[in-house]
Amino acid sequence: MSLPALLATGATPTPAPSETTAPGVATLQDAQQSATKAASWVEQNWSTWLAIGLRVVLILVIAAVLRVAVRRAITKLIDRMNRTVQAVDGTALGGLLVNAERRRQRSQAIGSVLRSVASFVIMGTAALMVLSTFQIDLAPLLASAGVAGVAIGFGARNLVTDFLSGVFMILEDQYGVGDTIDAGVASGEVIEVGLRVTKLRGDGGEIWYVRNGEVKRIGNLSQGWATAGVDVTVRASEDLDRVRATLDAVAEQMSKEEPWNERLWGPIEVLGLDSVLLDSMVVRVSAKTMPGKAVAVERELRWRIKRAFDEANIRIVGGLPTVPEDELPADPTATMAAPSAYSNSASPQTETASAILPPRPAAK
């Protein structure tokens, strides 16, 4: 408003702060006003801040307590499994089950997986609740996470398949470290079991890295018991009673000697004739052994059977049909004399032995 207008209305003009107040005093008044506004804003919103802070602290405390409780429950469950295995170990039933060390490794692996999954779920849920407390819209975040999950699922589907297969292999106790397995793509002794890859050591010392997702079937040769089977082929003219008696003597002697008495989990049985041919017959011998010891028992059994049959004058045959020595056909050239050098008229021997003829008279 102009000065003439103010005079006409009778109002007294108020001087500007710059005209009547020093710059330092004006700055102090601005600071006081700003502080007053900030204090009033804090006074109006401190209850909201306090509520948000208390809510965040409560969420974190509940998540931490729940995580500790779940992890302790999983640990107690694993300890109970180990105690059950130790109670069974050393009994007749425990001999047919997996050893305690194997079960301990399996329970530790299961416990580690369960604890990791529980921690991820609890802390992930707590983080989402904290973000929602600050009134952050989670819809774009969840949508982005869903799209990223789908993309990762398509791009790394083999990795996901291997991981899930490894988890189920461990949970179902299909095999463990020290087992001899046939995984189809490779076979050998298991030296490491992972969630993605299983390491096998082959018979020649090579190490196979087998992806868990590629394993379609598994043959575990180290669980339960194994069967050692030996086929003995003898002549068809042998006395069966004498053959059975010799095999029974070998089986009884082997069952009493160490270390075969521990590796044999059942008596060595002569099952009888497996097949009968014109010139031979096959006798089947079988025994139940410790897991993974069937090959060693079969080799020792063959060794002992061969020695016993040699002492009893029982011939083991196989391969091409055998013909008795007294029935061998005679050699047609055995009675023929060697060809003579004199049979050839051009040979030096014939020319030397021939008569010397008188010279012929010359023709007239």
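Put a dot 7 Å past the Cα of Lys199, heading toward its Cβ, do the same for Leu128, and the two dots end up 3.8 nm apart. For Asp310, the accessible surface of its heavy atoms amounts to roughly 90 Å² (probe 1.4 Å, protein chains only, rounded to the nearest 10). Rolling a 1.4 Å probe over the protein heavy atoms of segment 113-257, with every protein chain left in place, gives an accessible area that is 61 percent carbon and sulfur.
Across segment 114-156, the residues whose backbone nitrogen lies under 14 Å from the label position 7 Å along the beta-carbon direction of Ala51 are 133-135. Computed with every protein chain present, the accessible area of Glu252 is close to 110 Å² [probe 1.4 Å].
Per-residue 3J(HN,Hα) values for segment 284-295, derived from phi via the Karplus relation 6.51 cos²θ - 1.76 cosθ + 1.60 with θ = phi - 60°, read 9, 10, 9, 7, 8, 10, 5, x, x, 10, 5, 5 Hz in sequence order (x marks Gly and Pro). Ordered by solvent-accessible area of protein heavy atoms (1.4 Å probe), largest first, the residues Tyr175, Tyr209 come out as Tyr209, Tyr175. Counting heavy atoms of the protein chains alone, Phe163 has an accessible area of about 90 Å² for a 1.4 Å probe. For segment 37-79, the per residue solvent-accessible surface stands at 77 Å², with DNA, RNA and ligands left out and a 1.4 Å probe.
For the pairs Lys256/Lys288; Lys76/Lys216; Lys199/Lys293; Lys76/Lys293, flag any whose C-alpha to C-alpha distance is greater than 26 Å. Pairs exceeding the cut-off: Lys76/Lys216; Lys76/Lys293. Accessible surface comparison of Val113, Val210, Val68, probe 1.4 Å, protein chains only, largest first: the order is Val68, Val113, Val210. Report note on the peptides 242-250, 280-288: ranked by the mean count of other C-beta atoms within 10 Å, highest first, their order is 280-288, 242-250.
The values are calculated or read from the model by the stated rules, or taken from the named source; none is laboratory data. Note that this is a predicted model, so its numbers are computed, not measured. Here Cβ is always computed from backbone atoms with ideal geometry, including for glycine, and neighbour counts include all displayed protein chains. Calculation scope for accessible area: heavy atoms of the full protein, side chains included, ligands and nucleic acids excluded. Shrake-Rupley method; radii C 1.70, N 1.55, O 1.52, S 1.80 Å.
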